[in-house]
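Enquirer: This is the structure I want to talk about, given as structure tokens.
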Number of protein chains: 2
Amino acid sequence: MVKRIDSVKNPQVKMWKKLHTKKERDKTGLFLVEGYHLVEEALRTKQMVKELIVSEDADIPSSWNVDNVSIIVVSSEIMKAISDTETPQGIAAVCYQQQAEELPTNVNKVLLIDAVQDPGNLGTMLRTADAAGVELVVVGTGSVDLYNSKVIRATQGAIFHLPIMKGELKNFIPVLKEQGLPIYGTSLENGRPYMEIQPAGSFALLVGNEGNGVQEQLLAQTNENLYIPIYGKSESLNVAVATGILLYYLRGM
Amino acid sequence: MVKRIDSVKNPQVKMWKKLHTKKERDKTGLFLVEGYHLVEEALRTKQMVKELIVSEDADIPSSWNVDNVSIIVVSSEIMKAISDTETPQGIAAVCYQQQAEELPTNVNKVLLIDAVQDPGNLGTMLRTADAAGVELVVVGTGSVDLYNSKVIRATQGAIFHLPIMKGELKNFIPVLKEQGLPIYGTSLENGRPYMEIQPAGSFALLVGNEGNGVQEQLLAQTNENLYIPIYGKSESLNVAVATGILLYYLRGM
């Protein structure tokens, strides 16, 4: 299952390069990850990796299970051409995007993300959600593309572990409510300080855009809206930091 | 107090450009900030702004107090040359770096930062510390330069509000201990889950490098070392997110 490509003009190489665009990712349902750590995490997830791409001057660690994976060896010139880092590690993988399945019925900890724009923020939020034991993340429309390479890097691999759906949050909220989850929005105005909530271990937390916060329309659908008190002169917290504080508080000790 | 510069070759313009290097910042004790939000925050801080630089096609908001500030109007070409953003807002300021003063004796909430390398992380940590009511931050040697423009942007202005010192953390820890502050390190090994600590409102929290954490030598100087439990498959949290969770917990409700 090993093949070799030497020409940068090979159509497969061209397709890999195009995976840096959202358009191509949407069309193919694929995305590209780079570097040892992320590729290793992808390989640990069943049926995630379509192709493993290895530079001729790089090695596949012997601890990796690549039995059922198709491997393509490429020149370092090709690796450079498909990489978006300045010094590629020599290893990459083409992965399948997660399919949007039915909303699971037995989740207790959910994160809803409304229109977060910065890829580093979105990726860090996914990493944090995974760490905090969140069981489902819904990325609302208007957010940066989940499969943007900067998002994936910032997740540090969480994108492979965490059930993630995309869609209209306004349609998800009533369903989660019906399942008995309290929905907590976040808002600097008309909210309660988060410490007033008794953590009960089950919740859906709704966080929003860096500049504008959560849309009014969505805040109107929640059970309660929370804020994190600011004790200094800063106007607000970074959205990923705020998400971390709230997720760890709401899950309970 | 208004003067005008039109030539990109003017020596003052050259000096401003050089302020993007750590060397020049260290030599002059100055740094450059850009954009309306940051310049406004700088102007609110007494004797912080040395010079206000305004592009000929930009305006100074009438709400700003610029009575005692020297203003330099420049061509948009000059503004572009001194800016490190792609679309400069047309306003910048040369500011004085905070002088390292004596350690204050009456601080209750301190953040100690060991060798954080990423400018976005360091800046976000300062923003978070300010929000959480931290009264002093000590940035240890080995950290990215505090006056790096990416750090300043990520602080969202907190760099102007927050007392910040630079230095060897190993020398600060004993002094803070003597002042009666419990020193909490952070470590994935040999630590206690943070929730076991009863928040008492006064503390010095020691956080560390993105990859390696806090140096062993420093961890040995603390009263206790804490960790944040990971409930999912992520290996760790982003350092700025972890700092936010711990600062808000330790300050108490």
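The values are calculated or read from the model by the stated rules, or taken from the named source; none is laboratory data. These numbers were taken from a predicted model, which means no experiment stands behind them. Don't worry about glycine lacking a Cβ; one is built from the backbone with ideal geometry, like all the others, and counts go over all protein chains shown. With ligands, DNA and RNA removed, areas are computed over all heavy atoms of the protein, side chains included. Shrake-Rupley method; radii C 1.70, N 1.55, O 1.52, S 1.80 Å.
Enquirer: Would you mind telling me the share, in percent, of accessible area of the range A:172-216 contributed by carbon and sulfur at probe 1.4 angstrom?
Expert: In the range A:172-216, the share of accessible area belonging to carbon and sulfur is 45 percent.
Enquirer: Name the long-range amide H neighbours of residue B:97: under 5 Å, sequence gap of 5 or more, or other chain; modelled H, no Pro or chain starts.
Expert: Residues meeting the criterion, in which the H sits 1.01 Å from N, are B:30, B:31.
Enquirer: Let me ask you something else. Quick one: pull the percent of accessible area on the range A:1-97 belonging to carbon and sulfur, 1.4 Å probe, ligands and nucleic acids left out.
Expert: 48 percent
Enquirer: Using a loss threshold of 10 Å², tell me which positions in the range A:155-170 are less accessible in the complex than in their chain alone. Probe radius 1.4 Å, ligands and nucleic acids ignored.
Expert: Buried by the other chains: A:161.
Enquirer: Could you tell me the total accessible area buried at the A-B interface, probe 1.4 Å, in square angstrom to the nearest hundred?
Expert: The contact between B and A buries close to 2600 Å².
Enquirer: Let a ≥ b ≥ c be the square roots of the eigenvalues of the Cα gyration tensor of chain B; is it rounded (a/c under 1.5), or, if not, prolate (a/b larger than b/c) or oblate?
Expert: Here chain B falls in the prolate category.
Enquirer: Then there is this: Given the Cα-Cα distance of residue B:86 and residue B:14 and 0.36 nm per residue of separation, how much length would full extension add, in nm?
Expert: Contour length minus the Cα-Cα distance gives 24.0 nm.
Enquirer: Related question: For residue B:173, what charge total do you get from the other residues with a beta carbon under 14 Å from its beta carbon, if Lys and Arg give +1 and Asp and Glu give -1?
Expert: Its environment carries a net charge of -3.
Enquirer: Set the Förster radius R0 to 30 Å, insert the Cβ-Cβ distance between residue B:1 and residue B:166 as r into 1/(1 + (r/R0)^6), and round the FRET efficiency to 0.05.
Expert: Efficiency computed from Cβ-Cβ geometry: 0.40.
Enquirer: Going by amide H atoms built from the backbone, whose H comes under 5 Å of the H on residue B:206, apart from near neighbours?
Expert: Correct list: B:112, B:184, B:185, B:186.
Enquirer: For residue B:85, place a label point 7 Å out from Cα along the Cα→Cβ vector, do the same in each other copy, and report the separations in nm, one decimal, smallest first.
Expert: Label point to label point, same position, other copies: 2.9 nm.
Enquirer: Highest mean first, what order results for B:37-44, A:198-205 on Cβ atoms within 10 Å?
Expert: Going by the mean number of other Cβ atoms within 10 Å, highest first, we get B:37-44, A:198-205.
Enquirer: Spelling out what I want: for every residue of the range A:131-146, take phi, set θ = phi - 60°, compute 6.51 cos²θ - 1.76 cosθ + 1.60 (Karplus), and round to whole Hz; glycine and proline get x.
Expert: Once rounded to whole Hz, the list reads 4, 7, x, 5, 9, 7, 10, 10, 9, x, 4, x, 7, 4, 4, 3.
Enquirer: Taking the simple approach of a point 7 Å from Cα along Cα-to-Cβ for both residue B:231 and residue B:99, what is their distance in nm?
Expert: So the label points at residue B:231 and residue B:99 sit 5.0 nm apart.
Enquirer: Quick check on the protein assembly as shown: helices-only [θ] at 222 nm, where DSSP H runs of length 4 and up contribute -39,500 (n - 2.57) each and the sum goes over total residues. Nearest 500, please.
Expert: Calculated mean residue ellipticity at 222 nm is -8500 deg cm²/dmol.
Enquirer: Treating the point 7 Å from Cα along Cα-beta-carbon as the label, what are the nm separations from residue A:212 to the other copies, to one decimal?
Expert: 4.4
Enquirer: Accessible area per residue of the range B:77-200 at 1.4 Å probe, in Å²?
Expert: It amounts to 42 Å² per residue over the range B:77-200.
Enquirer: Further, regarding this structure: Long-range amide H contacts for residue A:70: which residues qualify at under 5 Å (H placed 1.01 Å from N, peptide plane, sequence gap of 5 or more or a different chain)?
Expert: The list, which skips near neighbours in sequence, is A:52.
Enquirer: Residue by residue, what Karplus-based ³J(HN,Hα) values in Hz, rounded to whole numbers, does the range B:45-61 have, using 6.51, -1.76 and 1.60 with θ = phi - 60° and x for Gly and Pro?
Expert: 9, 4, 6, 8, 8, 8, 9, 9, 10, 10, 6, 4, 9, 10, 10, 8, x
Enquirer: Where the label is 7 Å out from Cα toward Cβ, how close does residue B:56 come to the same position in every other copy, in nm, shortest first?
Expert: Output for residue B:56: 5.6 nm, nearest copy listed first.
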